[in-house]
Amino acid sequence: MTTPFSTVAEAIALAGTHWPKNGYTFQDEAGAETPYSFSEIEQKTASLAYGIQAAGLKKGDRIGIIVVEPEQFVLTFLAALRLGVVPVPLYPPLSMGNLDAYAQRTATILQSAGARMLVTSARLQNLLWSQVDLVPSLERLVRAEDLVASGTPTFPEIAPQDIAFLQYTSGSTSDPKGVVVTHANLVANCSAIMGPHGLDLNHVDDVGVSWLPLYHDMGLIGFVISPILAGVPIVFIPTIRFIKHPTCWLDTISRHKATASFAPNFAYALVARKARPEQLDRWDLSRMKVFGCGAEPINPETMRAFVEVMSSRCGLRREAILPAYGMAEATLAISFKPVADHMRTMLVDAERFQADGRVEAVDEGFQGAFFEHVSCGTWFPGHEVSSQDAEGTLLPEGVEGELCLRGPSVTPGYFENPEATAAAFKDGWLRTGDLGYILDGEVYVTGRIKDLIILNGRNLHPQSIEWVAAQVEGVRKGNVVAISRPGPASEELVLVLESREAQSDSQKAALVQEVRTRIQQEMGIVPADVVVLAVGSLPKTSSGKLQRRKTRQEYLAGLVGQTGSRTAGASADTLTLARHMARGVWSRTKAALRK
């Protein structure tokens, strides 16, 4: 697909003239829907742009956005893009159990970006007003609905190389850094995503549905920016509604006769488990071209189980499952499985692969240990992916190394962070920090370099160990972390996991023994320690990824299980919330007095 626009600002202004019948539909938390044509999006964003401009912001200024409601978030974000004001999307507080850490992290990002204004939901304003005192550059906090103003904004000229927005990385392996995403990056990547070498979607036949968080690149670029560049209509489900009622995702897809959606691995397991027989009988998924799956290495068993249920009961095409690979530094997407193909996997001799990173294919009758790696397909035209060693030497096909990328989707670097930029962008390549290999022109992602566990000379990817442990009855799937600790002679394996239900000491002991036995039988490794935690105790990023490095740090410090999203008690939650609300009210009062 070749977009008719050179910038996203131009697309927002003119999409309605190209595709007058299409636009966005926003659900609220009760499921009621509000449609906007692209022409109405232009009008609404112009009104908000006038409000932003009247508040004193100009092209190049940064504006933080912490908005829960999809409708308000999308309109505010697009209004800023039209002005050349650089939005910084941030995630809202996910629970009351970690407000102190949330406030500090939010202040760190706003300060790093030099944000002048923070736009937030009405329900969050008292909680977030304290950011004005914490961040020196921050001049004011404004409710999203208060930005609407009657007047005509003065839109500056926006060039392809201008910064569109800052995408702060989720921090699964490091402190957050602001990825600089230009309009040229977005046009290149979004055109590839929607085009024939990507999802092959068009404005006539296709409809997308997304519940993904809009502060994260997969939800924001994949379902807000890409569609407006191609004229594809989209239905947005509030993320909180999906969390409370996961099956609303497939219900919305069926009602709207949608053709495309994306989600992380865990969502497919969750919705297949939660679906009731009467829902499966009602849903029609026959029009779905694409159920995309990205984020961490994809568990093929999860995707096969989803396809088995949905193809036999709901008419889903088996080839609709689309494994993908991407990252913020590449704008969003790097490679996709071809839409018409089935999901492909490679069975690899585990011993050989752990010893030297070489792929030796085996068949299903192989008697030894093997890994199953999912193909994430081919990279986009005009781009190139390679596997390289630590010195930057290109490795042959079928040899694991660091995956590296070059092409027009690669972003310029990190905002005002030359050290981090120099470390990640070398000799014309983006060094992704991901491990993987290229085989027959397709990308196989195997893990993260910083997560790699080395035991007695064997290179072990934590995901392969975690997936085995997750099969044990009582272990909460998707909530297992494999790490290492120093031992007397070498590193030792440790597993930290959440149990699905509260357990007595004897039940925990039995679960620990079962996990040890399963890992020993299937991996040939005996864990030195297995730690069982309650639901919500593992540290995760804002996008829901497990934080292995942080888990290891907490384990070694004796603090594991104390900083997760739901680890504080009800009384502690109430006191923490009251303290933050009081700070916010005080900051708001001081701002009013100064004004």
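The values are calculated or read from the model by the stated rules, or taken from the named source; none is laboratory data. The structure presented is a predicted model; accordingly, all values stated were derived computationally and were not measured. Note that we place each Cβ from the backbone using ideal geometry, even for glycine, and neighbour counts take in every protein chain shown. These accessible areas exclude ligands, DNA and RNA; they are computed on the full protein's heavy atoms, side chains included. Shrake-Rupley method; radii C 1.70, N 1.55, O 1.52, S 1.80 Å.
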Q. Exactly one of (1) in a loop (DSSP other than H, G, I, E, B); (2) open to solvent by 30 Å² or more (accessible area, probe 1.4 Å) is unmet by Arg241. Its number?
A. (1)
Q.
Pairs needed: first member in the stretch 470-495, within 22 Å of Gly536 (Cα to Cα); second member anywhere, among the acidic types (Asp, Glu) and part of a strand (DSSP E or B); C-beta distance under 8 Å; at least 6 residues apart or different chains.
A. Val475/Glu498; Arg476/Glu498; Asn479/Glu498; Val480/Glu498; Ser484/Glu491; Ser484/Glu492; Val494/Asp529; Leu495/Asp529
Q: Would you please list the contacts, defined by Cβ atoms under 9 Å and residues six or more apart or on different chains, that run from a residue in the stretch 31-53 that is farther than 15 Å from Pro227 by Cβ and touching a residue at least 24 places away in the same chain (Cβ under 8 Å) to a residue that is of a type in the set (S, T, N, Q) and assigned to a strand (DSSP E or B)?
A: Glu33/Thr25; Glu33/Gln27; Thr34/Thr25; Thr34/Gln27
Q. Do we find a residue being closer than 29 Å to Ala263 by Cβ, part of a helix (DSSP H, G or I) and open to solvent by less than 50 Å² (accessible area, probe 1.4 Å) anywhere in the stretch 476-483?
A. no
Q) Pairs under 9 Å by beta carbon, first residue free of Cβ contacts under 8 Å to residues at least 60 places away in the same chain in the stretch 146-169, partner assigned to a loop (DSSP other than H, G, I, E, B) and buried (at least 19 other Cβ atoms within 10 Å of the Cβ), six or more apart or different chains? A) Glu157/Gly84
(Q) Take the conditions touching a strand residue (DSSP E or B) at 6+ places or on another chain (Cβ under 8 Å), of a type outside the set (Lys, Arg) and more than 29 Å from Leu497 (Cβ to Cβ) and apply them to Leu439. Does it pass? (A) yes
Q: For Thr45, indicate whether it is closer than 25 Å to Asn202 by Cα and either of a type in the set (Val, Ile, Thr) or surrounded by fewer than 24 Cβ atoms within 10 Å (Cβ to Cβ) (or both).
A: yes
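I'd like the full set of residues that are open to solvent by less than 50 Å² (accessible area, probe 1.4 Å) and either touching a Ser or Thr at 6+ places or on another chain (Cβ under 9 Å) or free of Cβ contacts under 8 Å to residues at least 24 places away in the same chain (or both), limited to the stretch 536-551.
As a first pass, look at the stretch 536-551 and keep what is open to solvent by less than 50 Å² (accessible area, probe 1.4 Å): 536-539, 541-544, 546-548, 551.
Listed by number, the residues that qualify are Gly536, Ser537, Leu538, Pro539, Thr541, Ser542, Ser543, Gly544, Leu546, Gln547, Arg548.
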**Q.** Subset of the stretch 517-540 (residues that are within 32 Å of the chain's Cα centre (by Cα) and in a helix (DSSP H, G or I))
**A.** Arg518, Ile519, Glu522, Met523
Q. List pairs: first in the stretch 353-368 and open to solvent by 70 Å² or more (accessible area, probe 1.4 Å), second of a type outside the set (Lys, Arg) and at pLDDT 90 or above, Cβ under 6 Å, 6+ apart or cross-chain?
A. Arg358/Val399; Glu360/Asp349
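Identify, from the list Glu319, Glu329, Glu301, the residue that is under 24 Å from the mean Cα position of the chain (by Cα), among the acidic types (Asp, Glu) and closer than 30 Å to Val181 by Cβ.
Values: Glu319 fails: closer than 30 Å to Val181 by Cβ; Glu301 fails: closer than 30 Å to Val181 by Cβ.
Being under 24 Å from the mean Cα position of the chain (by Cα), among the acidic types (Asp, Glu) and closer than 30 Å to Val181 by Cβ holds for just one of Glu319, Glu329, Glu301, which is Glu329.
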Q: Select from the stretch 303-323 the residues that are buried (at least 16 other Cβ atoms within 10 Å of the Cβ) and out of contact with any Leu (no Cβ under 9 Å at 6 or more places or on another chain) and write down the one among them that is modelled with the lowest pLDDT.
A: Met303
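Pick from the stretch 273-302 the residues that are hydrophobic (A, V, I, L, M, F, W, C) and closer than 21 Å to Pro213 by Cβ: which of them is modelled with the lowest pLDDT?
Step one: filter the stretch 273-302 for residues hydrophobic (A, V, I, L, M, F, W, C), giving 275, 280, 283, 285, 288, 290-291, 293, 295, 298.
From what's left, closer than 21 Å to Pro213 by Cβ: 290-291, 293, 295, 298.
Values: Val290: 97, Phe291: 98, Cys293: 94, Ala295: 67, Ile298: 84.
That would be Ala295.
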Q. Any idea how many residues of the stretch 496-511 are outside any helix (DSSP H, G or I) and touching a residue at least 12 places away in the same chain (Cβ under 8 Å)?
A. 8
Q. Here are some residues: Pro264, Pro246, Pro233. Which one is touching a Lys or Arg at 6+ places or on another chain (Cβ under 9 Å) and under 28 Å from Ile109 (Cα atoms)?
A. Pro264
Q. Consider Glu397 against the criteria (1) under 19 Å from the mean Cα position of the chain (by Cα); (2) at pLDDT 95 or above; (3) among the acidic types (Asp, Glu): it satisfies all of them except one. Which criterion is unmet?
A. (1)
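Condition test on Glu514, is it among the acidic types (Asp, Glu), part of a loop (DSSP other than H, G, I, E, B), open to solvent by 60 Å² or more (accessible area, probe 1.4 Å) and modelled with pLDDT of 90 or more?
Numbers: among the acidic types (Asp, Glu): yes; part of a loop (DSSP other than H, G, I, E, B): no; open to solvent by 60 Å² or more (accessible area, probe 1.4 Å): yes; modelled with pLDDT of 90 or more: yes.
It is false that Glu514 is among the acidic types (Asp, Glu), part of a loop (DSSP other than H, G, I, E, B), open to solvent by 60 Å² or more (accessible area, probe 1.4 Å) and modelled with pLDDT of 90 or more.
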Q: Identify all residues within the stretch 441-462 that are among the polar types (S, T, N, Q), open to solvent by less than 20 Å² (accessible area, probe 1.4 Å) and touching a Ser or Thr at 6+ places or on another chain (Cβ under 8 Å); write none if there are none.
A: none
(Q) Considering only the stretch 17-24, I want to know if a residue exists there that is touching a residue at least 40 places away in the same chain (Cβ under 8 Å), closer than 24 Å to Leu199 by Cα and in a strand (DSSP E or B). (A) yes
Q: Hey, could you check the stretch 369-417 for residues that are free of Cβ contacts under 8 Å to residues at least 40 places away in the same chain and among the small types (Gly, Ala, Ser) and say which is surrounded by the most Cβ atoms within 10 Å (Cβ to Cβ)?
A: Gly392
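So which of Val148, Val88, Val119 is among the β-branched types (Val, Ile, Thr), surrounded by fewer than 21 Cβ atoms within 10 Å (Cβ to Cβ) and in contact with a Lys or Arg (Cβ under 9 Å, 6 or more places away or on another chain)? First the steps, then the outcome.
On the way: Val88 fails: surrounded by fewer than 21 Cβ atoms within 10 Å (Cβ to Cβ); Val119 fails: surrounded by fewer than 21 Cβ atoms within 10 Å (Cβ to Cβ).
From the options Val148, Val88, Val119, the qualifying one is Val148.
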